[in-house]
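Enquirer: Below is the structure I would like to discuss, written out as structure tokens.
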Amino acid sequence: EAGVVQSPRYKIIEKKQPVAFWCNPISGHNTLYWYRQNLGQGPELLIRYENEEAVDDSQLPKDRFSAERLKGVDSTLKIQPAELGDSAVYLCASSLGYSSYEQYFGPGTRLTVT
Amino acid sequence: TQLLEQSPQFLSIQEGENLTVYCNSSSVFSSLQWYRQEPGEGPVLLVTVVTGGEVKKLKRLTFQFGDARKDSSLHITAAQPGDTGLYLCAGWNTGNQFYFGTGTSLTVIP
């Protein structure tokens, strides 16, 4: 069974440019998560989807970040415009449901903003 | 916002030693998980605990959920170089919000 797929794996952009990350979750997983992780720290949840609905986006910086999950399958996270402080690894995860269900993570996208 | 504080932040020990990692919060969590993450990869689930006072063992790893469901610990016996990684606690609070802990970076020296 294929795991969570993310692309690209690495992205380098200049500040003020837009960037987008793509995630394809494990088939059948209704819940999808986007996280941001700085080096050596725990991931910070940006947004959680239950099917197509964003049920928790309280930590998403809505002035520059947006996300969508059309048809309740794959998802895109966008930053426009990017700032130097956005440099981090962006992780996508999926699970059968929320609460105590196991989350399966993709390898992440390492973003560098110069 | 990091509701789950882990200690220590960094740990470097010799192969064969024992260690304990702590995960603390002032909030109550309905369930708590421990993950391990290696460089360039996403976290991988080790265990889920849901009952206050619960103890789970996974080979040389022992996990405990506090009676009040506000804290947890991970104990590793006879650490091996393969245990090296970033250990993360994570949990769902009673408001159905999910948080990861601050992380503990473990290095086991052969």
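Values quoted throughout were computed directly from the atomic coordinates according to the rules given, and no laboratory measurement underlies them. Given the structure is predicted, the values throughout are model-derived calculations rather than measurements. Glycine also receives a Cβ, built like all others from the backbone with ideal geometry; neighbour counts cover every protein chain displayed.
Enquirer: What is the Cα centroid distance between segment A:60-114 and segment B:17-47, reported in whole angstrom?
Expert: With segment A:60-114 and segment B:17-47 each reduced to a Cα centre, they are spaced 21 Å.
Enquirer: Using alpha carbons only, how many angstrom separate the centre of segment B:66-97 from the centre of segment A:1-43?
Expert: Measuring centre to centre over Cα atoms gives 24 Å.
Enquirer: When B:VAL55, A:VAL73 are ordered from fewest to most other Cβ atoms inside 10 Å of their Cβ, what list results?
Expert: Going from sparsest to densest Cβ surroundings: B:VAL55, A:VAL73.
Enquirer: Continuing with this model, one more query. Determine, for the protein assembly as shown, the count of lysine pairs separated by eight or more sequence positions (or lying on different chains) whose alpha-carbon distance falls under 22 Å.
Expert: 10
Enquirer: May I ask for the net charge around B:LEU19, where only other residues with Cβ less than 13 Å from the Cβ of B:LEU19 are counted and Lys, Arg are +1 while Asp, Glu are -1?
Expert: -2
Enquirer: Per-residue mean of other chain beta-carbon atoms within 10 angstrom of the beta-carbon, peptide B:97-109?
Expert: Mean shielding by partner chains, rounded to a whole number: 3.
Enquirer: What average count of beta carbons from other chains do you get within 10 Å of the Cβ of residues in A:42-54?
Expert: The mean count of partner-chain Cβ atoms within 10 Å per residue comes to 3.
Enquirer: If r is the Cβ-Cβ distance from B:ASP67 to A:GLU50 and R0 is 30 Å, what FRET efficiency results, to the nearest 0.05?
Expert: Rounded to the nearest 0.05, the efficiency is 0.45.
Enquirer: As an exercise, use a Förster radius of 25 Å and the Cβ-Cβ distance of A:ASP74 and A:LEU96 to find the FRET efficiency, rounded to the nearest 0.05.
Expert: Efficiency, from the Cβ-Cβ distance: 0.90.
Enquirer: Tell me, what is the FRET efficiency for A:ARG9 and B:GLU17 to the nearest 0.05, using R0 = 25 angstrom and their Cβ-Cβ distance as r?
Expert: 0.10
Enquirer: What is the spin-label model distance, in nm, from B:HIS75 to B:VAL28 if the labels are put 7 Å beyond Cα along the C-beta direction?
Expert: Roughly 2.7 nm, to one decimal.
Enquirer: If I build a Gaussian network model for chain B, linking alpha-carbon pairs within less than 10 angstrom, which residue out of B:GLY53, B:GLY16, B:GLY95 has the largest mean-square fluctuation?
Expert: Fluctuation is largest for B:GLY95.
Enquirer: For B:GLU5 and B:THR94, calculate 0.36 nm times their separation in residues minus their Cα-Cα distance, and state this gained length in nm to one decimal.
Expert: Taking B:GLU5 through B:THR94 to full extension adds about 30.3 nm, to one decimal.
Enquirer: Can you sort A:VAL113, B:VAL49, A:VAL55 by how many other beta carbons sit within 10 Å, fewest first?
Expert: Fewest-to-most ranking of A:VAL113, B:VAL49, A:VAL55: A:VAL55, A:VAL113, B:VAL49.
Enquirer: Related question: Taking the Cβ of each residue in A:TYR104, A:TYR90 as the centre, tally the other Cβ atoms inside 10 Å and list the residues starting with the fewest.
Expert: The order, fewest Cβ neighbours first, is A:TYR104, A:TYR90.
Enquirer: I would also like to ask the following. Considering only B:THR62, B:THR48, B:THR94, give the residue with the highest GNM mean-square fluctuation for chain B, with springs between Cα atoms whenever their separation is below 10 Å.
Expert: Highest fluctuation among the options: B:THR94.
Enquirer: Inside 10 Å of the C-beta atoms of A:89-99, what's the mean count of C-beta atoms belonging to other chains?
Expert: 2
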